[in-house]
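To start, the structure under review is shown below, and the notes come after it.
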Amino acid sequence: MGFVEILILIIAIVIFVMLFLYLTIGEICYRLCLKRRSIAEKVVNYEIDAIAAKLYKMDYDWWKKYDFKKVCVIGHNNAKLYPLFLKVNDSKKVAIVIHGYFARYVEMNKYAEMFLEFGYNLVVTQNLGHGESEGDYVGMGWLDRLDILKIIDKVIQKFGDDCEIIIFGLSMGGATVCMLSGEKLPKNVTHLISDCGYTNVYDEFKFFISNIVPIPFWLTMMLFNDYAKLRCGYSLKEADSIKQLPKCKVPILFIHGKDDRVVPYEMINKLYSATPKHLRHKKSFSKAGHAECLPAYEKEYKETILKFLRIRV
């Protein structure tokens, strides 16, 4: 075998190995982090159920007290989504509540209850790949921002052209709010609230993948970043709150617990800094972990939200 043939063989082997790594590692990360009914979903649901009756004060029976209507909304990629609508008064105020990563809408009862207490009608999402909504993978806020635009249109249709909409998100829902902020929102949207949202999907997955996949972290993330584009239609680096927030046109409040070990507390400062000065507001809670600010500091949390909602630009 001559030199040229050997060189061609080596190049072919390298290409094959790289392709094999790309497909194998990418698929493992996809199934681990983004695919519906993934390991991550099982872990998240187990953890939530384990603490539901304690700190988070979840009451799954709370939803039975109200006549929520399941509404079909066709998402940006033609997937059928099923947010829940609740009209409790003749007020034109509507709160859209967005759940977190692999969470279920029933776990958002304390937040839904809070906005009812404030006099808002409610819309509670079931995001792409969650609950009864269609989708084989998770949008991580990036795809969800486009779906929320569709839900906003449905809210205006059902509650009237003069309705006033606020949008609240928790964790991945908080990132959804940040990513949504850079889109062209109708004048009906008056306030945005992001509780423990992350800066971008790439940085958020650093915590998870680097401790699980036994190969160099940079290679794992490089392959996963591109493979996500192939499987889900977006790359991890593309899903970036920091690039969206400078285009924000309405007041936005960032909330975060200083003891958060899931979404780093430092991210709130990056989100805040990326936002136009006259629109940004933030509130931190000491000794509060991930998504624990409301249950840990209920009175102060509610006062913070109410004060923010009185702000007009």
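The values are calculated or read from the model by the stated rules, or taken from the named source; none is laboratory data. These figures come from a predicted structure and were not determined experimentally. Reconstructed Cβ throughout: ideal geometry from the backbone, glycine too, with neighbour counts over all protein chains shown.
Considering Ser241, Ser286, the condition of being crowded, with 23+ Cβ neighbours inside 10 Å and either touching a Lys or Arg at 6+ places or on another chain (Cβ under 7 Å) or modelled with pLDDT of 95 or more (or both) is satisfied by Ser241 alone.
Hey, does the stretch 195-207 have a residue that's buried (at least 24 other Cβ atoms within 10 Å of the Cβ), modelled with pLDDT of 95 or more and acidic (Asp, Glu)? Yes, because at least one residue in the stretch 195-207 is buried (at least 24 other Cβ atoms within 10 Å of the Cβ), modelled with pLDDT of 95 or more and acidic (Asp, Glu).
Whether any residue in the stretch 56-71 is crowded, with 21+ Cβ neighbours inside 10 Å, in a helix (DSSP H, G or I) and in contact (Cβ under 8 Å) with a residue 12 or more places away in the chain is what I want to check. No: zero hits. Of all the criteria given as (1) in a loop (DSSP other than H, G, I, E, B); (2) closer than 17 Å to Leu149 by Cβ, the one not satisfied by Val88 is (2). Taking (1) over 27 Å from Tyr202 (Cα atoms); (2) modelled with pLDDT of 95 or more; (3) not charged (D, E, K, R) in turn, Val88 satisfies each apart from (2). Just to verify a result, which residue in the stretch 104-142, among those that are of a type in the set (Ser, Thr, Tyr) and in contact (Cβ under 8 Å) with a residue 60 or more places away in the chain, is surrounded by the most Cβ atoms within 10 Å (Cβ to Cβ)? Taking the candidates together, the pick is Tyr111.
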